[in-house]
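Peer 1: Take a look at this one; I'll ask things after.
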Amino acid sequence: MTAVNFNYFEDTKINAIFEMDNVIVFDLNGLIVDDELLQLKATNAALRDFSIRLSESDWSECCIGHRPGEYIPALLTKARLRVTAALTEVIIRRKDHIYSSYIRNSLHNLIRPGVTDLIAYCEKKGLPVALASGTTKTGVETILGPDGLGIMAKFSYVICGDEVAQSKPDPEIYLKVRAAMGARKSFVALEDSYTGVEAAIEAGMRCIAVPNRFTLHHDLSRATLRIDSLQRDARII
């Protein structure tokens, strides 16, 4: 493959991070697709029978960056309901089913601007791209597979939330990316949330934070850079 000799980002400081020896690691929910509102709606629908309803603020503060297996029991406990593994699993399956029905009808409208162009640029530039998502393998396939955005094959390595013991902000998922892609390589993670930034930094990666409206108030201070989008005219914020 012949490497391209042009830059993607107009801002030279942003573009300087995309060097030839980097592996670019994408998060999924909130970064590739702006689906947090659908996640919130699906969770509320799954919890309706328990009279639990989350606001956007609740979702941002308590759920983003965490797996359903973590926040569902916490929500049940807060509502003073008896928590069992079986009940938690039923609610998670219900939530996933509802989410899948929502996203099938709107997926192509949820991809964040600049994502596909940046992935195409990395491919032309010879920069490997990987995916480190807290979402389950089924969820990743729904979004990126042939019945979704159809870009799964663009990623050299994919690791999902049900393939690690600890979720972000624990660095396990990014350490596994490093091990799989070559520990001596340089890595740049693209994240939208506090937990994602912390996980990437703790794994020894540089991290570009690209917050969405649900994570604008997150503490992203440890990120290498914080930018407003993945489009060519992105600005440092």
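Peer 1: Mind checking region 1-95 for trypsin sites (Lys or Arg not before Pro) that DSSP puts in a loop (not H, G, I, E or B) and that have at most 15 other Cβ atoms within 10 Å?
Peer 2: Arg53, Arg80, Arg82
Peer 1: Can I ask one more? Please give the helix 115-125 orientation as an angle from the longest Cα principal axis of the chain, in degrees from 0 to 90, rounded to the nearest 10.
Peer 2: 40
Peer 1: Mind checking region 1-75 for GluC sites (Glu not before Pro) that DSSP puts in a loop (not H, G, I, E or B) and that have at most 13 other Cβ atoms within 10 Å?
Peer 2: Here the GluC sites (Glu not before Pro) that fit, given the DSSP loop and packing criteria, are Glu10, Glu19.
Peer 1: Also, quick follow-up: Within straight cross-link reach of Lys154, meaning Cα distance under 19 Å, which aspartates and glutamates are found once same-chain residues fewer than 8 apart are removed?
Peer 2: Glu19, Asp21, Asp27, Asp117, Glu123, Glu141, Glu191
Peer 1: Between region 46-78 and region 200-237, what's the alpha-carbon centroid distance in Å?
Peer 2: 25
Peer 1: Related question: Take every Cα pair under 8 Å in the chain that's 6+ residues apart, average their separations, divide by the length, and report that relative contact order as a whole percent.
Peer 2: Numbers: 387 pairs, mean separation 63.8, N = 237.
The normalised contact order for the chain reaches 27 percent.
Peer 1: Any of Lys95/Lys137; Lys95/Lys176; Lys124/Lys185; Lys78/Lys137 with alpha carbons more than 23 Å apart? Name them for me.
Peer 2: Exceeds cut-off: Lys95/Lys176; Lys78/Lys137.
Peer 1: What distance in nm separates the two pseudo spin-label positions at His217 and Glu70, each 7 Å out from Cα along the beta-carbon direction?
Peer 2: Taking the two extended label points, one gets 2.0 nm.
Peer 1: Give the whole-number value, in cubic angstrom per residue, of the convex hull volume spanned by the C-alpha atoms of region 36-107.
Peer 2: Each residue corresponds to 79 Å³ of Cα convex hull volume.
Peer 1: I would also like to ask the following. Kirkwood Rh over Cα pairs of region 1-60 into Stokes-Einstein at 37 °C, 0.692 mPa s: D in µm²/s?
Peer 2: 215
Peer 1: Still on this structure, please answer the following. Roughly how large, in nm² to one decimal, is the mean projection of the convex hull of the alpha-carbon atoms in the chain?
Peer 2: If I average the Cα hull's projected area over directions, I get 12.4 nm².
Only the coordinates and a few stated rules stand behind these numbers; no lab work does. This structure is a prediction, so every number in the text was calculated from the model and none was measured. So basically every Cβ, Gly included, is an ideal-geometry build from the backbone, and we count neighbours across all protein chains shown.
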